[in-house]
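Engineer: Below you'll find the structure I mean.
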Amino acid sequence: MRQHVRSLRFARGEKSQADLAARVGVSRQTIVAIEKGDYSPSVKLALLLARALNTTVEKLFELEARDHA
Amino acid sequence: MRKPDTIFWMASAISAVAVALAVTVDDGWLLLMVGAYLLRPTLLAMGLFPALADEREMLNQYRAGNAAFGVLALGVVALTIAAMGGTPLDSGFLIAVLLLALMTRALTRLVLDGDAMIIGPRILLAIGGFLALFGFLEGGEPGALLSHVVPGASIIVLGVAARRWPRAAGAIVLVIVAALLWQFIGTSVSAGRPLPTGTAMAMTLILIPAVVAGAVLLRAPAREPGSDSAPTGTGTSAGVALLVVAALAAASSAVPDSVGAQPPSADPRFECKSRKNAAFGTDCRLTKSDTVYGRQLPGGAVLHYDSAGVYVFYSLYRNETVGGLELAGGHDGISQEVYPDGAAQALWLARPQEIEGVPCRAFSILGELFQRTERAKFYPNGRFRSCRSAQDTTIQGRLIKKGRNVEFDATGNVKSPG
């Protein structure tokens, strides 16, 4: 799964990882893990991230060819 | 790094009580330590303090718990098989398996965090902290106390340094681990016997986390050019070389001198056979009760000679009375060590027994696991040397607290605790 959290974070006013983490109620390490592709967030967290970054989940996360069943 | 939160302070309070217990009454503290460690995952799993863990942390907690459960299950199966094979097991073995599972849980939890700069130093600080704690609890005279605490304190310093120089610290840790393995295995080969169970478990509990810490620190990302880190090349090389020399010197000094008689292969009272690996020496089984080296030994006792033919220890088929003391027997880990002339050197007691007025503790795998040797030791002339007190007692006018090591000098005067 490809994610665009980091790029959108900078595109939306250069929020720091800590700021974004505080907005969505997780630790900074979780934001780090999501941006590194080490962790796939739950639907709820994905929706919260999308709202915090003023975008949609589809624009934040997208499936790659290898993800298709 | 996590900021101290409510659960942290609750766990710290439990740990403080555990340390106080360990210092004063010496019982129950280990279980409290385990409780302190498991407080956070337990409260989170129960849905309490939901604000203190996000979904990724909860997932990692569950994964780590599953890994620990796997180790626990395997350990219990292994102990069950050993018990079915006739190996007598005390509750200490179960606690040792529990500790292995907890170690697995802690390491899995840290590795899942994925940040080398957090994992490595934390593991080193934990190892150093526990070694220093056990060294402190070991007690003794002020000089001895210092020497007991120094190894743990050194690892704590290494853990702090790892935050600034991760690769150098990782290299040093791995060299220390290699040197310790070299020393333990070398000592085992030269003594002609496998490592005692407790020593092997203690090594496992200390060396596996150390290897994980060393490996993740070595893989830590390099510092950005122009950062304020100190150069690591020269310091690392010098430190590593120094450690290798020191470790090899220690290893070579641990090899005992080889003097003494050959195994009694021609003596009809014994059935002798060399171990598969000749380096592990020869075992001679006494077929029936008889006097050996001036001491009455029961039938079935196995006398072990190292590869140089020196008599180093005997083991008993079951708990037996030898020389007026009921000694522990039953499996390979319990070796009653002797001087080459057969005089007792270090004995595992089957139950608490009084030796020259000192109530000495019995064999305990936990005692050995935490380096709190509980063997009754003797001087070459047969005079009682030391053991760990099984209860509060007064010796030569000195109050000896339960759990303290009591040591006499060669003339019979109390040497420590001072």
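The values are calculated or read from the model by the stated rules, or taken from the named source; none is laboratory data. Quick caveat: nothing in here was measured; it's all calculated off a predicted structure. Backbone-built Cβ (ideal geometry, glycine too); neighbour counts: all protein chains shown. We work out accessible area using only protein heavy atoms, side chains counted, and drop any ligands, DNA or RNA first. Shrake-Rupley method; radii C 1.70, N 1.55, O 1.52, S 1.80 Å.
Engineer: Among A:Arg12, A:Arg51, which is the only one that is without any contact (Cβ under 8 Å) to a residue 60 or more places away in the chain, in contact with a Leu (Cβ under 6 Å, 6 or more places away or on another chain), more than 14 Å from every other protein chain (Cβ to nearest Cβ) and open to solvent by 40 Å² or more (accessible area, probe 1.4 Å)?
Structural biologist: A:Arg12
Engineer: Let me ask another. Across region A:15-28, what is the total count of residues that are outside any helix (DSSP H, G or I) and within 14 Å of chain B (Cβ to nearest Cβ)?
Structural biologist: 3
Engineer: While we're on this one: Scanning region B:83-121 for residues that are open to solvent by 50 Å² or more (accessible area, probe 1.4 Å), under 30 Å from A:Ile34 (Cα atoms) and in contact (Cβ under 8 Å) with a residue 60 or more places away in the chain, which turns out nearest to the chain's Cα centre (by Cα)?
Structural biologist: Applying the filter and picking the extreme gives B:Val111.
Every residue, every condition in (1) modelled with pLDDT under 90; (2) in contact with a His (Cβ under 9 Å, 6 or more places away or on another chain); (3) away from chain A (no Cβ under 14 Å), yes or no:
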| position | (1), (2), (3) |
| --- | --- |
| B:Phe49 | yes, no, no |
| B:Arg56 | yes, no, no |
| B:Ala67 | no, no, yes |
| B:Val71 | no, no, yes |
| B:Val77 | no, no, yes |
| B:Thr87 | yes, yes, yes |
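Engineer: Continuing with the same structure: B:Val34: surrounded by 14 or more Cβ atoms within 10 Å (Cβ to Cβ), more than 30 Å from A:Ile34 (Cβ to Cβ) and β-branched (Val, Ile, Thr), yes or no?
Structural biologist: yes
Engineer: Give me a count of the residues in region B:263-276 that are modelled with pLDDT under 80, under 17 Å from B:Val310 (Cβ atoms) and out of contact with any Ser or Thr (no Cβ under 9 Å at 6 or more places or on another chain).
Structural biologist: Residues that pass the stated criteria total 1.
Engineer: Would you point out the residue of region B:287-304, among those that are under 17 Å from B:Glu337 (Cβ atoms) and part of a strand (DSSP E or B), that is most open to solvent (accessible area, probe 1.4 Å)?
Structural biologist: The qualifying residue most open to solvent (accessible area, probe 1.4 Å) is B:Arg295.
Engineer: Is it fair to say A:Phe61 is more than 14 Å from chain B (Cβ to nearest Cβ), on the phi < 0 side of the Ramachandran plot and free of Cβ contacts under 8 Å to residues at least 40 places away in the same chain? Don't jump to the end; show me each part of the working.
Structural biologist: On the way: more than 14 Å from chain B (Cβ to nearest Cβ): yes; on the phi < 0 side of the Ramachandran plot: yes; free of Cβ contacts under 8 Å to residues at least 40 places away in the same chain: no.
Against the criterion (more than 14 Å from chain B (Cβ to nearest Cβ), on the phi < 0 side of the Ramachandran plot and free of Cβ contacts under 8 Å to residues at least 40 places away in the same chain), A:Phe61 does not qualify.
Engineer: Return a yes/no flag: does region A:29-36 have any residue that is surrounded by fewer than 11 Cβ atoms within 10 Å (Cβ to Cβ) and either on the phi < 0 side of the Ramachandran plot or within 11 Å of another protein chain (Cβ to nearest Cβ) (or both).
Structural biologist: Checked region A:29-36: no residue is surrounded by fewer than 11 Cβ atoms within 10 Å (Cβ to Cβ) and either on the phi < 0 side of the Ramachandran plot or within 11 Å of another protein chain (Cβ to nearest Cβ) (or both).
Engineer: Which condition does A:Val32 not pass, out of (1) over 10 Å from the mean Cα position of the chain (by Cα); (2) in a helix (DSSP H, G or I); (3) touching a residue at least 12 places away in the same chain (Cβ under 8 Å), if it passes all the others?
Structural biologist: Unmet for A:Val32, out of (1) over 10 Å from the mean Cα position of the chain (by Cα); (2) in a helix (DSSP H, G or I); (3) touching a residue at least 12 places away in the same chain (Cβ under 8 Å): (1).
Engineer: Also, quick follow-up: Does A:Arg2 fit the bill of being touching a residue at least 24 places away in the same chain (Cβ under 8 Å) and either under 16 Å from B:Leu59 (Cβ atoms) or open to solvent by 90 Å² or more (accessible area, probe 1.4 Å) (or both)?
Structural biologist: Considered against the rule, which asks whether it is touching a residue at least 24 places away in the same chain (Cβ under 8 Å) and either under 16 Å from B:Leu59 (Cβ atoms) or open to solvent by 90 Å² or more (accessible area, probe 1.4 Å) (or both), A:Arg2 comes out as yes.
Engineer: Suppose we filter region B:352-371 for residues that are under 17 Å from the mean Cα position of the chain (by Cα), of a type in the set (S, T, N, Q) and either part of a helix (DSSP H, G or I) or modelled with pLDDT of 85 or more (or both); how many remain?
Structural biologist: Count: 0.
Engineer: So A:Leu45 clears everything in (1) within 14 Å of chain B (Cβ to nearest Cβ); (2) loosely packed, with under 14 Cβ neighbours inside 10 Å except one condition, right? Which one?
Structural biologist: Of (1) within 14 Å of chain B (Cβ to nearest Cβ); (2) loosely packed, with under 14 Cβ neighbours inside 10 Å, only one is false for A:Leu45: (2).
Engineer: Could you identify the single residue in B:Ala116, B:Ala96, B:Ala101 that is in contact with a Leu (Cβ under 8 Å, 6 or more places away or on another chain) and within 14 Å of another protein chain (Cβ to nearest Cβ)?
Structural biologist: Of the residues listed, the single one that is in contact with a Leu (Cβ under 8 Å, 6 or more places away or on another chain) and within 14 Å of another protein chain (Cβ to nearest Cβ) is B:Ala116.
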